[in-house]
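Okay, so here's the structure we're looking at.
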Amino acid sequence: MTGLFSEVFLGALLFGAITAAIPLLLAGLGEQMSEKAGVLNIGIEGMMIGGAYLGFVAAFYSGSLWLGFLFGACAGIAVAALMALLCVRLGLNQIVIGIGLTLGLEGLTALLHHFQFSRSYPRLPAAERTEIPLLADIPVLGPALFRHHLIVYLAIALVFVMIYVYRRTQLGLNLQAAGDKPAALDVAGVDVIRTRTVAVLFTGAMAGLGGAYLANVGAGIFIPFITNGAGFLGIVLAMLARGRPVWVLLGALLFGLCLSLTTAMQVAGINIPTDVIQMLPFLAVMVMLVAFGRRGSLPAALGIPYERGAR
Amino acid sequence: MKSLKASVSAILLSGLLMGGAFAGEVKSIAILTPEEGTDYGWNQQGVAAAKAAAEAAGIEVIVAQGLGYGDVRPTLRELAEEGASLLIAHASGYNTSAPEIANELKVPVAIVDTPDALKKGLVADYTLSGHEGAYLAGRLAAKMSRSKTVGIVVSGEPPSWNSQSAAFAQGVKAENPEVKVTYAVIGPAAYSDAAGGKRVTESVIAAGADIIFGQGNGSSFGMLQAVETTKAADGGKVHFIDVIGDKTAIDKGFLLTSVIWDITPVYAAMIADLKADTFGTKRYAIGLKDDSVKLLKTGEIPDDVWSQVQALREDVLSGKIKVEPVFEASAVRALMTNVTE
């Protein structure tokens with residue numbers, strides 16, 4: 001059976017929602033750690049596109065998506081290292097450097113793509129899917145939710161790892177202090193610069209991984225500017241989630257679901273302006289996070305470079 | 001006396017500076033594209049046409065490609081300072097900044113998707129439409145669809161694409177009113193959203209479409225990827241109909257046809273208008289008549305079907321079939337609603 005309310009169509013919509021949510025989830029979780037540590041990481045879009053490019057190159061030449069993810073994360077870390085050097089070590093303006101890195105990476109990857117792929121536009125085969133036994137057999141929901149690439153389940157599991165890290169570990173406490181009261185952390189004998197650097201590098205790894213997923217699984221191809229603002233959406237999710245990983249997950253999933261809903265409404269032939277339909281994902285995420293995410297707060301020293309002894 | 005000298009000097013100097021904007025002095029043209037001119041689509045056709053028109057006119061061409069969809073004012077200023085006699089801003093996202101620079105530096109610019117922005121000597125618009133070709137593509141799709149459902153996927157709703165979406169749907173219904181046409185926009189300006197292109201196309205295929213009419217710049221590669229990796233409801237192949245460029249070189253056997261544009265006559269006419277001092281006073285068009293719009297013949301189209309489509313082309317040329325462009329997005333959506341009922 002085909003058509004609007006067929007199992008195949010509904011399954012495709014749900015599957016698409018998850019696929020669209022994962023890069024946002026990874027970018028959002030990464031950004032959240034930077035923000036916890038006091039670094040507003042505007043360069044995340046650049047880290048994502050760097051990860052998308054190198055991740056695609058690695059996957060294309062090796063034939064291994066896992067190698068693609070690894071290289072994608074490494075590319076993100078490399079860009080993040082620049083961010084850490086300039087903003088955390090040297091204390092330069094985080095917004096200016098972040099925008100500069102994004103623009104630079106967009107240009108660099110477009111240039112590299114031009115020399116390497118602009119005549120051939122290679123595409124990857126469809127990503128292999130891992131079925132979760134029993135659950136994958138549930139009608140409609142099973143194929144849509146429980147037959148994804150393994151990285152999808154790992155990304156969701158990471159949310160709970162992050163919750164544990166933030167609540168139960170010394171690292172989580174240090175990150176919180178680096179963002180709220182960096183001077184107090186310094187007095188306690190913990191290196192603020194090192195703590196913030198670790199956070200920024202983690203952000204790079206997550207953003208790069210998200211970019212690699214976007215190119216290798218989401219699109220199956222790399223083209224210039226492919227991230228299309230996904231990194232900035234990750235920043236929005238992290239800001240609105242106010243330090244709580246599970247809200248990043250919920251926000252990303254809601255965004256993905258609303259994207260699929262917009263497709264369904266259009267395919268159904270509902271004649272209302274497309275712009276109105278397409279506001280839905282952004283509106284839904286903002287309403288949800290503003291309504292339910294207010295209890296959290298952003299770090300007091302967010303965006304402020306730390307300098308020992310400065311008042 | 002001193003002030004008189006100064007005034008005369010100022011008039012002479014401004015005359016010299018304004019010279020670039022006046023008739024008969026076209027030395028070079030520049031084209032700015034958001035993506036690389038190797039995309040087998042909008043950007044490539046634009047760059048190729050600018051080169052061809054410049055060569056035919058015996059003038060130089062400067063290509064600034066891969067500029068993205070952000071602010072291109074610095075590039076426009078730089079190209080104007082390099083002496084370009086015409087700046088072709090080849091993206092709808094540039095149609096605010098380019099007229100600003102034209103007014104500021106008095107250098108003629110050509111923009112797209114803003115037909116009301118004409119300004120004599122300074123601003124010309126070349127909102128083009130391959131609607132006649134899209135109509136034929138619709139007739140072809142309706143003839144070849146096994147599921148009797150075809151899909152339109154676009155990455156935005158600029159006037160040029162609206163007219164082609166509408167004409168495609170009209171062609172489908174003219175050929176077979178029983179064929180369903182589904183329509184989905186990836187995003188408000190998702191021109192480079194390849195992942196979105198793949199996701200939306202997969203959904204449209206799941207809704208039953210076995211032929212996708214895709215308009216997307218970079219995102220069309222995501223559509224192509226979806227077509228290559230997703231089977232139709234009957235387990236068979238899904239075909240892709242592209243627009244503007246020719247993706248044959250990278251096709252893996254899924255490209256049914258393409259509504260190919262040749263923009264060369266448009267740019268050649270602009271150069272002629274600059275020389276004749278009529279720039280910014282008229283509209284430009286492409287169509288089947290001079291082959292500036294044509295359908296691509298691929299091995300996926302049976303010969304008898306191709307012959308039928310060519311006969312329809314003759315009917316369009318003779319006026320027996322009239323295809324009017326529909327530029328408004330709301331009118332396009334209304335048409336889709338009607339055809340899907």
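Counts of other chain beta carbons within 10 angstrom of each beta carbon in peptide A:221-234 average 6. Scoring B:110-120, B:87-97 by mean Cβ neighbours within 10 Å over their residues and listing the highest first yields B:87-97, B:110-120.
With helices as the sole contributors, the protein assembly as shown gives -18000 deg cm²/dmol at 222 nm; each DSSP H run of n ≥ 4 counts as -39500 (n - 2.57), and the sum is divided by every residue.
Under the combined filter of DSSP loop state and at most 14 neighbouring Cβ atoms within 10 Å, segment B:124-207 retains these GluC sites (Glu not before Pro): B:E178. Residue by residue along B:181-188, Cβ atoms of other protein chains within 10 Å of the local Cβ number 6 on average. In this Cβ point-charge picture (+1 for Lys and Arg, -1 for Asp and Glu), chain A has a dipole of about 660 debye about its Cα centre.
Would segment B:245-320 count as rounded, prolate or oblate if I go by the C-alpha gyration tensor, calling it rounded below 1.5 in a/c and otherwise prolate when a/b exceeds b/c, oblate otherwise? It is oblate, given that a/c is not under 1.5 and a/b is not larger than b/c. Once the Cα atoms are used to define both axes, helix B:131-144 deviates from the longest principal axis of chain B by about 20 degrees.
Remark: mean inter-chain Cβ contacts per residue of B:34-40 equal 5, using a 10 Å Cβ-Cβ cutoff to other protein chain atoms.
Placing +1 on the Cβ of every Lys and Arg and -1 on the Cβ of every Asp and Glu, with no other charges, gives the protein assembly as shown a dipole of roughly 1500 debye about its Cα centre. Under the combined filter of DSSP loop state and at most 16 neighbouring Cβ atoms within 10 Å, segment A:76-154 retains these GluC sites (Glu not before Pro): A:E128. Backbone N atoms of segment A:121-157 closer than 11 Å to the 7 Å Cα→Cβ label point of A:E7 belong to residues A:137-143. Farthest toward the positive end of the dipole of segment A:23-243, out of A:Q176, A:L135, A:L237, is the Cα of A:Q176, where the dipole comes from beta carbon charges about the Cα centre.
Summing charges over all other residues whose Cβ lies under 15 Å from the Cβ of B:A194, with Lys and Arg as +1 and Asp and Glu as -1, gives -4. Remark: for residue pairs B:K119/B:K275; B:K252/B:K297; B:K198/B:K297; B:K51/B:K320; B:K148/B:K289; B:K143/B:K289, the C-alpha separation exceeds 27 Å in B:K51/B:K320; B:K148/B:K289. Close amide H contacts of B:H239 (hydrogens built in the peptide plane, cut-off under 5 Å, sequence separation of 5 or more or a different chain): B:I211, B:I212. Counted by Cβ distance under 13 Å from A:V152, the other residues give a net charge of 0, where Lys and Arg count +1 and Asp and Glu count -1.
Could you tell me whether the protein assembly as shown comes out rounded, prolate or oblate from its Cα gyration tensor? Rule is a ≥ b ≥ c as square roots of the eigenvalues, rounded for a/c under 1.5, then prolate if a/b exceeds b/c, otherwise oblate. Cα axes put the protein assembly as shown in the oblate bin. Within chain A, the whole DSSP H helices whose Cα atoms reach 30 Å or more along their own axis and whose mean Kyte-Doolittle score is at least 1.6 are A:245-267.
Could you tell me whether segment A:23-243 comes out rounded, prolate or oblate from its Cα gyration tensor? Rule is a ≥ b ≥ c as square roots of the eigenvalues, rounded for a/c under 1.5, then prolate if a/b exceeds b/c, otherwise oblate. Taking the square roots of the gyration eigenvalues as a ≥ b ≥ c, segment A:23-243 is oblate. Shown here for segment B:139-232: trypsin sites (Lys or Arg not before Pro) in loop regions (DSSP other than H, G, I, E, B) with at most 16 other Cβ atoms within 10 Å, namely B:R146, B:K148, B:K231.
FYI, it's all coordinate maths here, none of it is from the lab. The shown structure was predicted, so the numbers you read here are calculated from the model rather than taken from an experiment. Don't worry about glycine lacking a Cβ; one is built from the backbone with ideal geometry, like all the others, and counts go over all protein chains shown.
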